[in-house]
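J.: Got a structure for you, written out below as structure tokens; questions coming shortly.
The values are calculated or read from the model by the stated rules, or taken from the named source; none is laboratory data. Treat the numbers as computed from the prediction; the structure is a model and nothing was measured. No Cβ is skipped: glycine too gets one built from the backbone with ideal geometry, and neighbour counts run over all protein chains shown. Heavy atoms of the whole protein, side chains included, go into the accessibility calculation; ligands, DNA and RNA do not. Shrake-Rupley method; radii C 1.70, N 1.55, O 1.52, S 1.80 Å.
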Amino acid sequence: MARKTRGRAIDGVILVDKPIGESSNRILQQVKRAFYAQKAGHTGALDPLATGMLPVCLGESTKFAQFLLDADKAYRVVAELGIRTNTSDADGEVVERKDVHVTAEQVQQALPQFRGDIKQVPSMFSALKHEGKPLYDYARRGITIEREARPITIYSLEVVSIDLPFVTLDVRCSKGTYIRSLVDDLGQALGCGAYVKSLHRTAVGDYPSADMVPLADLQAMVAERDDPAAFDYAALDALLLPIDAPVTQLPQMLVTQEDGYALLHGQPLSEPPEPIYESGERAVAAPLVRIRIQATGQFLGVAERRPTGEYWPKRVLVLPGSQ
């Protein structure tokens, strides 16, 4: 007999303002519990030390979480000069102290080398895998693994304030960027060392920080709940972004209901209409597109263009009546 699924089949994305000291997985479980959701997944972990934007996908939106993992990110980081730690952040052990003799002008002069397309060696305390295990597992056992420098892009790196030994920076960067490594490299370039004293993620993709909801607010909304199955979730659900929120950067393709449901059954769009961006700009031969039914606006999923010109389903929803 099939096991009964516990929770609601609720779909969407909630932008949680992660508090300090909690793991991303712990936040995920608390959000899932607040929404009484059957399924949930986050879109890229933040360290316990870090705060800020943690998008959590519920239900069918989890199918598109990878697109947010691949999205650009923005952070505000406070670096303290003169100290290096083994983790390059405030959670680590101090391994080096130096007097800080640099000036604010020297800090500004050191920044251009870290802008644009650069290569970065990931921290040993990152979640990057080596032989199936995250690097931090090795680091905690005192084992150092050789890591290759990886290409990243720092789109912007700007000073917010300098109050030595503290430097506050705004960073917008590509996926795969380790802010701890960036700060450590900056400290090395300045000759005095540095570590991340605090880190706040301000944006993921195009999601603005103003849309974030503190975890405490979500929990307060269900604090008086006795029976999760009988609770009125209308106010909580109103905070959710749509199912397709992780893929709004992709151009949209409007199809007939017949073609759309064929796509849901694994069939390609052999004569696809032209995809268009939200701006109205044409997206000729776009590699990935969002699919919607023209008559209803129903989002169906993401399709991928093949060399033949056909669009095949890549990630699609499970809709009532489409099976």
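J.: Two-decimal Rg/Rh of the chain from alpha-carbon positions, Kirkwood Rh? Let's see the in-between values first.
T.: On the way: Rg = 22.6 Å, Rh = 22.1 Å.
Dividing the radius of gyration by the Kirkwood radius yields 1.03.
J.: Here is a follow-up. Starting from the Cα-Cα distance between residue 119 and residue 23, subtract it from 0.36 nm times their residue separation and give me the gain in nm to one decimal.
T.: On the way: separation 96, 0.36 × 96 = 34.56 nm, distance 2.77 nm.
Contour length minus the Cα-Cα distance gives 31.8 nm.
J.: Follow-up question, since we're still on this one. Of all the accessible heavy-atom surface of region 22-81, with the other protein chains kept in place and a 1.4 Å probe, what percent is carbon and sulfur? Numbers along the way, then the final one.
T.: Numbers: 870 of 1930 Å².
Taking all protein chains in place, region 22-81 shows 45 percent carbon and sulfur surface.
J.: Report Rg/Rh for region 1-124, rounded to two decimals, where Rg is the Cα radius of gyration and Rh the Kirkwood radius. Walk me through the numbers before you get to the answer.
T.: Values: Rg = 19.6 Å, Rh = 17.7 Å.
Ratio of gyration radius to Kirkwood radius for region 1-124: 1.11.
J.: By the gyration tensor of its Cα atoms, with a ≥ b ≥ c the square roots of the eigenvalues, what is the shape of region 269-323: rounded for a/c under 1.5, prolate for a/b over b/c, or oblate? Can you show the working numbers first?
T.: Values: a/c = 2.11, a/b = 1.31, b/c = 1.62.
Here region 269-323 falls in the oblate category.
J.: Continuing with this model, one more query. If you roll a 1.4 Å probe over the heavy atoms of the protein chains, what accessible area per residue do you get for region 167-213, in Å²?
T.: Working: 1570 Å² over 47 residues.
Per residue, region 167-213 has an accessible area of 33 Å².
J.: Next question, about the same structure. With no solvent and one point per C-alpha, what does the Debye sum give as log10 I(q)/I(0) for region 195-296 at q = 0.14, 0.21 Å⁻¹?
T.: -0.81, -1.08
J.: With unit charges on the beta carbons (Lys and Arg positive, Asp and Glu negative) and the dipole taken about the Cα centre of the chain, which residue among 142, 51, 198 sits farthest to the positive side?
T.: Highest projection toward the positive end goes to 142.
J.: In Å², and per residue, what accessible area does region 1-116 have when probed at 1.4 Å with the other protein chains present?
T.: On the way: 5580 Å² over 116 residues.
Result: 48 Å² of accessible area for each residue.
J.: Between 0 and 90 degrees, rounded to the nearest ten: what's the tilt of helix 179-190 against the longest Cα principal axis of the chain?
T.: Long axis of 179-190 versus the principal axis of the chain: about 30 degrees.
J.: Let me know the volume per residue of the alpha-carbon convex hull for region 163-214, in Å³. Don't jump to the answer; show the numbers that get you there.
T.: Details: hull volume 5.4 nm³, N = 52.
Enclosed volume per residue, from the Cα hull, is 103 Å³.
J.: Figure the gain on full extension for residue 231 and residue 274 (residue separation times 0.36 nm, minus the Cα-Cα span) and round it to one decimal in nm.
T.: Numbers: separation 43, 0.36 × 43 = 15.48 nm, distance 4.38 nm.
Separation in residues times 0.36 nm, less the Cα-Cα distance, equals 11.1 nm.
J.: Further question on the same structure: Within region 170-243, what whole-number % of the accessible surface is contributed by carbon and sulfur, with the 1.4 Å probe and all protein chains included in the calculation?
T.: On the way: 1750 of 3380 Å².
Carbon with sulfur: 52 percent of the solvent-accessible area.
J.: As a test of the formula, what do you get for the chain when each DSSP H run with n ≥ 4 contributes -39,500 (n - 2.57) and the sum is divided by the residue count, at 222 nm and rounded to the nearest 500 deg cm²/dmol?
T.: Values: 8 runs with 61 residues, N = 323.
Taken over the chain, the calculation gives -5000 deg cm²/dmol.
J.: Might you work out the accessible area of residue 14 for me, using a 1.4 Å probe with all protein chains in place, and round it to the nearest 10 Å²?
T.: Residue 14 exposes around 0 Å² with every protein chain in place.
J.: Here is a follow-up. Ordering 302, 95 from largest to smallest accessible area (1.4 angstrom probe), what's the sequence?
T.: Values: 302 0, 95 95 Å².
Sorted descending by solvent-accessible area, the residues read 95, 302.
J.: Given a Förster distance of 22 Å, report the FRET efficiency between residue 294 and residue 267 from their Cβ-Cβ distance, rounded to the nearest 0.05.
T.: Working: r = 17 Å, r/R0 = 0.80.
After rounding, the FRET efficiency stands at 0.80.
J.: By per-residue mean of other Cβ atoms within 10 Å, what is the highest-first order of 57-63, 158-164, 17-23? Walk me through the numbers on the way to the answer.
T.: Working: 57-63: 24.1, 158-164: 12.4, 17-23: 16.4.
My ranking of the peptides, most packed first, is 57-63, 17-23, 158-164.
J.: On to the next question. Testing the spin-label approximation: label points 7 Å from Cα along Cα→Cβ at residue 210 and residue 33. State their distance in nm.
T.: 3.3
J.: Next question, about the same structure. Could you give the semi-axes, largest first, of the ellipsoid that matches region 1-56, computed as the square roots of 5 times the alpha carbon gyration tensor eigenvalues and rounded to whole Å?
T.: Numbers: eigenvalues 118, 24, 14 Å².
Equivalent-ellipsoid dimensions as semi-axes: 24, 11, 8 Å.
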